Amino acid sequence: MHMPTDKIVPQSDLYSRESTTARTPDENPLPVRVKARDVSVFYGQKQALFDVSIDVPEKSVTAFIGPSGCGKSTFLRCLNRMNDTIEGCRVSGLIALDGSDIYDPSLDPVELRARVGMVFQKPNPFPKSIYENVAYGPRIHGLARSRSDMDAIVESSLQKAGLWSEVKDRLHEAGTGLSGGQQQRLCIARAIAVSPEVILMDEPCSALDPIATARIEELIDELRQNYTIVIVTHSMQQAARVSQRTAFFHLGNLVEEGPTDLIFTSPVEKRTQDYITGRYG
Ligand SMILES: Nc1ncnc2c1ncn2[C@@H]1O[C@H](COP(=O)(O)OP(=O)(O)OP(=O)(O)O)[C@@H](O)[C@H]1O
């Protein structure tokens, strides 16, 4: 059921405020693609996120880490309004993509989700052919004018997802017939096919074996040349391997965020230190 969340009112003072959780100013910061300020999320009466502020730089991987239930997925879902689909979920604060409020009522959430794509924990291809899985988004967004246009989009998306050579001779077979790792790459191809700016990944490797996981991690590293990626992961090793920035969440708060190497070697906050050294979580 579709339940609209609270409108986020863009307030210039909120928009221009610095993120207080950023621990070290980068010497050469990348342009900010997604800016969140004072984002709180409620499920009914229960508050799950408290005043989260963060800048997500473009063409890099930002990892969200933290113990189970700390709000990582809740915050990730705010970034493309997936929480709109959860009954009783309310969002306040500001989230801007390229300077524009994503909760502006004039913005179509379907268009937003093409610009901010999502890959889920469990690979979820449609019960259709490999080709149709990738062609579906471009078709509903009117991105291909002809069959050959569509063929080109499908091929290049599968190429970028590192799957083309494995499936080019079986494009009309069911997507669900692929291995788990291939299915996840198909889901990545499906997200890429509508030319997103940002790709959100919610524990994309948790259902995969170590070899398929390594393949997806390599792919994430390649994709960051062209896309802004935000990944939720339970694995600190994965965050350290794939991300340039890491944000540590605890009990609904964004405790600390900064360059991944610094978060893992010299965190400022004791709670971050305790988590990365395995004291809890
Ligand atoms: N649909 C929902 N309805 C009610 N409460 C929810 C819902 N989704 C999440 N929550 C609650 O919000 C809090 C944050 O959950 P969330 O799933 O965002 O955490 P997480 O850090 O991603 O956890 P995990 O690592 O276990 O996936 C938890 O207390 C959770 O129970």
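Overview of values
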quantity: Subset tally (residues that are modelled with pLDDT of 95 or more, over 25 Å from TYR275 (Cβ atoms) and surrounded by 20 or more Cβ atoms within 10 Å (Cβ to Cβ)) for the range 197-226; calculated: 2
quantity: Considering residues of the range 268-281 that are out of contact with any Gly (no Cβ under 8 Å at 6 or more places or on another chain) and touching a residue at least 40 places away in the same chain (Cβ under 8 Å) only, the residue most open to solvent (accessible area, probe 1.4 Å); calculated: VAL268
quantity: Matching helices (runs of 4 or more DSSP H) fully within the range 155-261 where at least 1 residues are within 30 Å of VAL39 (Cβ to Cβ); calculated: 180-192, 210-223, 236-242
quantity: Inter-residue pairs, beta-carbon under 9 Å, first in contact (Cβ under 8 Å) with a residue 40 or more places away in the chain and in the range 34-47, second open to solvent by 10 Å² or more (accessible area, probe 1.4 Å) and β-branched (Val, Ile, Thr), 6+ apart; calculated: VAL41/THR5; VAL41/THR74; TYR43/THR74; TYR43/ILE86
quantity: Among (1) assigned to a loop (DSSP other than H, G, I, E, B); (2) within 26 Å of ASN80 (Cα to Cα); (3) among the aliphatic types (A, V, I, L, M), the one test that VAL268 misses; calculated: (2)
quantity: Residues located in the range 100-121, provided they are open to solvent by 50 Å² or more (accessible area, probe 1.4 Å), part of a loop (DSSP other than H, G, I, E, B) and either out of contact with any Ser or Thr (no Cβ under 8 Å at 6 or more places or on another chain) or β-branched (Val, Ile, Thr) (or both); calculated: ASP104, PRO105, SER106, ASP108, PHE120
quantity: Residue tally, condition in a helix (DSSP H, G or I), of a type outside the set (A, V, I, L, M) and free of Cβ contacts under 8 Å to residues at least 40 places away in the same chain, over the range 133-145; calculated: 1
quantity: Boolean, SER148 is in a helix (DSSP H, G or I), polar (S, T, N, Q) and open to solvent by 60 Å² or more (accessible area, probe 1.4 Å); calculated: yes
quantity: Among (1) assigned to a strand (DSSP E or B); (2) of a type outside the set (Asp, Glu); (3) at pLDDT below 95 - the single one VAL52 does not satisfy; calculated: (3)
quantity: Members of the range 64-78 that are more than 6 Å from the ligand (Cβ to nearest atom) and open to solvent by 10 Å² or more (accessible area, probe 1.4 Å); calculated: PRO67, ARG77
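The values are calculated or read from the model by the stated rules, or taken from the named source; none is laboratory data. For clarity, every value in this text was computed on a predicted model and none was experimentally measured. Backbone-built Cβ (ideal geometry, glycine too); neighbour counts: all protein chains shown. Remember, those area values only see protein heavy atoms, side chains included, never the ligands or the DNA or RNA. Shrake-Rupley method; radii C 1.70, N 1.55, O 1.52, S 1.80 Å.
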